[in-house]
Amino acid sequence: RIVYVNGAYVPEEEAKVSVFDRGFLMADAVYEVTSVLDGKLIDFEGHTARLRRSLSELEMPSPATDEELLAIHRELVARNGIHDGLVYLQVSRGAADRDFAYPDVPPTLVLFTQEKPQLVDSPLAARGMSVISIPDQRWKRRDIKTTQLLYPSMGKMMAKAAGADDAWMVEEGVVTEGTSNNAYIVTGNTLVTRQLGPEILSGITRTAVLRLAQEAQLRVEERPFTIEEAQSADEAFITSATTFVTPVVKIDGQGIGAGRPGPITQRLRELYIEEGR
Ligand code: PDD
């Protein structure tokens, strides 16, 4: 695999980042994951806009212009022959002597690709996911896409240990989001998902899916919901760049609706994929 590190395209075995890099030592880094469908980048502008916002919230210098980032994404997709998959981008504050204060050094920019043959024909999307609820113990600036992913990883492991696919995180009695995705429920003709704010990441897929839902004449309510409301909904699903729209059919052991992927969820998934192609 060819990866990109600080200006160079190199085989992954030759890619090097300093042991003093603050991404490595302090999770002082932000990232983006852009999906690739039929060799085409999905929602690239949305991802770069969110990256800009993450960088500015953390006063991190920009490693490249949007045009340069687009060129690197395209070059990596081409060089690695990616058909369906993703491009991962990470910017860290760079390498410096360990100190809590921000150093004045150039940022580290790393990108790599991953082929995902089952991005569209996903077995999980066909069967529907089961989720468990866990407390949301992340920091309070989840609107910034940082690489502090240890609690979400713990959540994923808690889900696995419980025989489930993922976890929905709950704070003050309401669902924030999944470990690496936004959460939704559908009742009748109404789609409910939590409103934006520091408590959740503003998903790029979320923006697209809410627009598609409105175009499909669904009522969209952006407000918090509880696990109990979700358990009595007709349908539930998640969205992210790596899962698109994926149905949730069980929450804390209780089946949702008919216990299989619902028609509105399936329709939104189809619409999202059609538009991306
Ligand atoms: N995760 N919420 C969280 C906490 C996320 O980590 C993600 C994305 C999303 C969905 O955002 P988007 O639609 O822009 O992908 C919501 C990526 C895919 C990841 O960490 O792999």
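Only residues in segment 199-213 that are farther than 18 Å from VAL170 by Cα count as the first member; pair them with residues that are hydroxyl-bearing (Ser, Thr, Tyr) and in a helix (DSSP H, G or I), Cβ under 9 angstrom, at least 6 apart or cross-chain, and list the lot.
As it stands, the answer is THR205/TYR272; ALA208/TYR272; VAL209/TYR272; LEU212/TYR272, since those pairs meet every condition given.
Go through segment 181-195 and count every residue that is more than 16 Å from THR265 (Cβ to Cβ) and either hydroxyl-bearing (Ser, Thr, Tyr) or away from the ligand (no atom under 11 Å from the Cβ) (or both). Steps first, please.
Keep residues of segment 181-195 that are more than 16 Å from THR265 (Cβ to Cβ), which gives 194-195.
With the extra rule that they be either hydroxyl-bearing (Ser, Thr, Tyr) or away from the ligand (no atom under 11 Å from the Cβ) (or both), the set shrinks to 195.
Within segment 181-195, residues that are more than 16 Å from THR265 (Cβ to Cβ) and either hydroxyl-bearing (Ser, Thr, Tyr) or away from the ligand (no atom under 11 Å from the Cβ) (or both) number 1.
Only one of GLY178, GLY155 is closer than 17 Å to VAL33 by Cα, modelled with pLDDT of 95 or more and within 11 Å of the ligand (Cβ to nearest atom). Can you tell me which?
Numbers: GLY155 fails: closer than 17 Å to VAL33 by Cα.
Result: GLY178 is the single residue among GLY178, GLY155 that is closer than 17 Å to VAL33 by Cα, modelled with pLDDT of 95 or more and within 11 Å of the ligand (Cβ to nearest atom).
The rows are residues; the columns are (1) of a type in the set (A, V, I, L, M, F, W, C); (2) more than 17 Å from the chain's Cα centre (by Cα).
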| position | (1), (2) |
| --- | --- |
| GLY23 | no, yes |
| ALA49 | yes, no |
| GLU57 | no, yes |
| PRO61 | no, yes |
| ASP66 | no, yes |
| HIS73 | no, yes |
| GLY94 | no, yes |
| VAL110 | yes, yes |
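Kindly indicate which of ILE2, ILE42 is among the β-branched types (Val, Ile, Thr) and away from the ligand (no atom under 16 Å from the Cβ). Talk me through it step by step, then tell me what you get.
Details: ILE42 fails: away from the ligand (no atom under 16 Å from the Cβ).
So the residue among ILE2, ILE42 that is among the β-branched types (Val, Ile, Thr) and away from the ligand (no atom under 16 Å from the Cβ) is ILE2.
Just the residues that are surrounded by 21 or more Cβ atoms within 10 Å (Cβ to Cβ) and among the β-branched types (Val, Ile, Thr), please, taken from segment 147-175.
Within segment 147-175, VAL175 is the sole residue that qualifies.
Residues of segment 50-64 being within 16 Å of the ligand (Cβ to nearest atom) and not hydrophobic (A, V, I, L, M, F, W, C), which ones?
ARG50, ARG52, ARG53, SER54, GLU57
Only helices (runs of 4 or more DSSP H) wholly contained in segment 25-138 count here; list those with 1 or more residues that are surrounded by 13 or more Cβ atoms within 10 Å (Cβ to Cβ), of a type in the set (Asp, Glu) and at pLDDT 95 or above. So that I can check it myself, show each step before the final result.
Details: elements: 44-57, 66-79, 123-127.
Counting at least 1 such residues, we get 44-57, 66-79.
Outside the structural domain of ARG269 (by TED's automatic domain parsing), closer than 30 Å to ASN181 by Cβ and either more than 13 Å from the ligand (Cβ to nearest atom) or within 20 Å of the chain's Cα centre (by Cα) (or both): is that true of TYR31 in this structure? Break it down stepwise before answering.
Working: outside the structural domain of ARG269 (by TED's automatic domain parsing): yes; closer than 30 Å to ASN181 by Cβ: yes; either more than 13 Å from the ligand (Cβ to nearest atom) or within 20 Å of the chain's Cα centre (by Cα) (or both): yes.
Here the answer is yes, as TYR31 does meet what is asked.
Return the residues of segment 188-213 that are in contact with a strand residue (DSSP E or B) (Cβ under 6 Å, 6 or more places away or on another chain) and part of a helix (DSSP H, G or I); say none if nothing qualifies.
Start the filter on segment 188-213 by keeping residues that are in contact with a strand residue (DSSP E or B) (Cβ under 6 Å, 6 or more places away or on another chain), which leaves 189-193, 195, 199-200, 203, 205-206, 209-210, 213.
Within segment 188-213, THR205, ARG206, VAL209, LEU210, ALA213 qualify.
Determine which single condition LYS160 fails, assuming it passes every other condition in (1) more than 15 Å from the ligand (Cβ to nearest atom); (2) part of a strand (DSSP E or B).
The one condition LYS160 does not meet is (2).
Residue check, LYS140 against (1) within 26 Å of VAL245 (Cβ to Cβ); (2) in the same structural domain as GLN217 (by TED's automatic domain parsing), all met but one. Which one?
Among (1) within 26 Å of VAL245 (Cβ to Cβ); (2) in the same structural domain as GLN217 (by TED's automatic domain parsing), LYS140 violates only (1).
Report, by residue number, each residue of segment 248-277 that is within 16 Å of the ligand (Cβ to nearest atom) and within 21 Å of ILE132 (Cα to Cα). Talk me through it step by step, then tell me what you get.
Let us first name the residues in segment 248-277 that are within 16 Å of the ligand (Cβ to nearest atom), namely 248, 265, 268-269, 271-273, 275-276.
If the condition is that a residue be within 16 Å of the ligand (Cβ to nearest atom) and within 21 Å of ILE132 (Cα to Cα), then VAL248, THR265 are the ones that fit.
Within segment 214-247, how many residues turn out to be assigned to a loop (DSSP other than H, G, I, E, B) and either surrounded by 24 or more Cβ atoms within 10 Å (Cβ to Cβ) or within 10 Å of the ligand (Cβ to nearest atom) (or both)?
3
The values are calculated or read from the model by the stated rules, or taken from the named source; none is laboratory data. Only a predicted model underlies this, so the values are computations on that prediction, with no experimental measurement involved. FYI the Cβ positions are ideal-geometry reconstructions off the backbone, even for glycines, and counts take in every protein chain you see.
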